[in-house]
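K.L.:
One structure follows; several queries about it will come next.
No value in this document is a laboratory result; all are computed from the given coordinates. Note that the structure is a prediction, hence the values are computed from the model and not measured. Counting neighbours? That spans all protein chains shown, and the Cβs are built from the backbone with ideal geometry, glycine included.
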Amino acid sequence: MIASQPLDQRPDVRGPLPGPLSRALRAREDLHLAPGTQSYAIDAGIVLESARGVALTDVDGNTVLDFIGGIGVGALGHSHPGFVQAVCQQVERASIGSLTSPARVELVERLASHPPAPGLHRVQLYSSGAEAVESALRLAKSATGRYEFLSFWGGFHGKTMGALSLMGSDWKRGLGPLVPGSHHSPYADFYRCPLGLSQDSCGLACVDLLRRQLRTATAGSLAAIIVEPIQGTAGNIAPPKEFLPAVVDVAHEAGALCIADEMITGLGRTGTWWGVEQSGAVPDIVTLGKAFGGGYPLSGLLTRDDIAAAAPWSRPSGSSSSYGGNPLAAAAGAATLRILEDEDLPGNAKKVGTLMLDLLQPFVERYPFVGHVRGQGLMLGIELVEDKTTKVPLGKPAMRLVFQGCLQRGLLCMASSPSLRLQPALTLDEATARTGVAILQEVLDDLARTGAWRSA
């Protein structure tokens, strides 16, 4: 890896967070900003002044380590010099419109040189993950002539209505009616098996249930199954390697397509360019985003020539977006792909992620409230539980202690949920990784010593 970002970054917390300037600016913003913004930003309360690598500095002069990275967006870290240069040069030339630009030619060629599966080189570009997922659903309808979709328990594919209807959690409560023809089936989770089986006995039981679900709950008009190679929002849950290829087979048996949602797992996060490479699954459509723009809003989908030719999706303006593939977005995406290649960031994610997993695994024995540690690359998860036998998740008061304990020591991580997630930049070096894990360990040590996890 080329060390284009700072190494051995450390926090510098000068007082309680948020500081007075952050509190004052947040109070002004709160007079006008609608509620419902990202929970970690609400809970942290700090106001960002600048950022470089994985270090954020707020307006009060405090520096914290960012192990959230915009929930998977910040693959390159903050203010990567190569990315900054490319975007600045492009914004001086041209920024908007759907005309071809040299940057977009470079973007599609670089993307096609790293296909998630053979033949998946045909790309359409958008500005948000949900927009790309919605387009994938429309494409599946166009290609199959069918209208039903199936997703999985725990799945998250966006908050627009089609994607929302396929959300595999209770988050969509109160937002109905949902889109007809939306179905759900259990996702293979070793730690919390939805069928109550042990890791040794589960095999592909979820796939067997999936086949029964399709026979009994659908109208026989399945257009696609959409699946995350690793479920991010659910807690960075990786299924057994046999699961994804089997899901693809089930989709094809039903005359449907398989959509792999690689918003979080794509472009190096798991230690390979694509999450599907971990299992060898060959999907028909892949959605991508988050890391794709290096911080600039950019998303897209990849598919084969024959699927992309399906109408009405393929008609002029049938699959387009006003922002999709504009010159500035294309320059951001091309720079991101170039940096991923030049610095071998997928390889770095594998190396540093393995180190972090080795450091985190002993937490299961060290703490009575750590039930499970898992991860692939720099997509790591820790299950915090009230009881290791029942696996009841740790309550919200205890999680607030974890989140605030980390923040006050200079670590920002996804600790709002008992399925704690660590998703730092792919440029993370080993020394900074050790610092971040040491802070988390210090917080959990305090929780164990005081017993606050029981009473919180």
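K.L.:
Ranked from highest to lowest mean number of other Cβ atoms within 10 Å per residue, what is the order of the peptides 112-118, 80-86, 386-392?
P.N.:
Highest to lowest by the protection proxy: 80-86, 112-118, 386-392.
K.L.:
Span-like helices, the chain: DSSP H, alpha-carbon axial extent 18 Å or more, mean Kyte-Doolittle 0.5 or greater, which ones?
P.N.:
Membrane-span-like by this criterion, though nothing is claimed about a membrane: 327-342, 345-360.
K.L.:
Right, here's the next one. In µm²/s, what is D for region 81-342 at 10 °C and 1.306 mPa s, where D = kT/(6 pi eta Rh) by Stokes-Einstein and Rh is the Kirkwood radius from Cα pairs?
P.N.:
Result for D is 85 µm²/s.
K.L.:
Given the convex hull over the Cα atoms of region 313-413, what projected area results after averaging over all orientations, in nm²?
P.N.:
With the hull built on Cα positions only, its mean projection is 11.3 nm².
K.L.:
Here is a further query. Averaging sequence separations of C-alpha pairs under 8 Å and six or more residues apart, then dividing by the length of the chain, give the relative contact order as a whole percent.
P.N.:
22 percent
K.L.:
For the charge dipole of the chain, defined by +1 on Lys and Arg C-beta atoms and -1 on Asp and Glu C-beta atoms about the Cα centroid, which residue among Ala140, Met356, Met167 has the Cα displaced farthest towards the positive pole?
P.N.:
The residue sitting most towards the positive pole is Met167.
K.L.:
While we're looking at this one, here's another question. What order do you get for 31-43, 65-77 when each peptide is scored by the mean count of other beta carbon atoms within 10 Å, highest first?
P.N.:
Ranking the peptides 31-43, 65-77 by packing returns 65-77, 31-43.
K.L.:
Turning to a different aspect of this structure: Please list, or write none, the lysines whose alpha carbon is within less than 27 Å of the alpha carbon of Lys388, excluding same-chain residues fewer than 8 places away.
P.N.:
Those lysines meeting the cut-off are Lys241, Lys396.
K.L.:
Continuing with this model, one more query. Would you compute, from DSSP H runs of 4+ residues alone, the mean residue ellipticity of the chain at 222 nm, taking -39500 (n - 2.57) per run and dividing by the full residue count, rounded to the nearest 500? Please list the in-between numbers first.
P.N.:
Numbers: 17 runs with 171 residues, N = 456.
Value at 222 nm, helices only, nearest 500: -11000 deg cm²/dmol.
K.L.:
How much length is gained if the chain between Glu277 and Ala27 is pulled fully straight, taking 0.36 nm per residue apart and subtracting their Cα-Cα distance, in nm to one decimal?
P.N.:
85.4 nm
K.L.:
Across the chain, what fraction of all alpha-carbon pairs, as a whole percent, falls in each successive 10 Å bin from zero upward?
P.N.:
Reading the bins upward from 0: 4, 20, 30, 28, 14, 3, 0.
K.L.:
Next up: If you average the alpha carbon positions of region 325-396 and of region 112-174, how far apart do those two centres end up, in angstrom?
P.N.:
For region 325-396 versus region 112-174, the Cα centre distance is 23 Å.
K.L.:
Quick check of the Kirkwood formula: for region 185-291, what is the inverse mean of 1/r over all pairs of different Cα atoms, in Å?
P.N.:
14.2 Å
K.L.:
FRET efficiency for Leu175 and Ser221, Cβ-Cβ distance as r, R0 = 35 Å, nearest 0.05?
P.N.:
Working: r = 24 Å, r/R0 = 0.69.
Here the calculated transfer efficiency is 0.90.
K.L.:
When the chain is fully extended, how far beyond the present Cα-Cα distance does Asp8 get from Asp43, taking 0.36 nm per residue of separation?
P.N.:
Difference between extended and current length: 10.0 nm.
K.L.:
Could you order the peptides 303-310, 256-263 from most to least packed, using the average number of other C-beta atoms within 10 Å per residue?
P.N.:
Ranked from most to least packed, the peptides come out as 256-263, 303-310.
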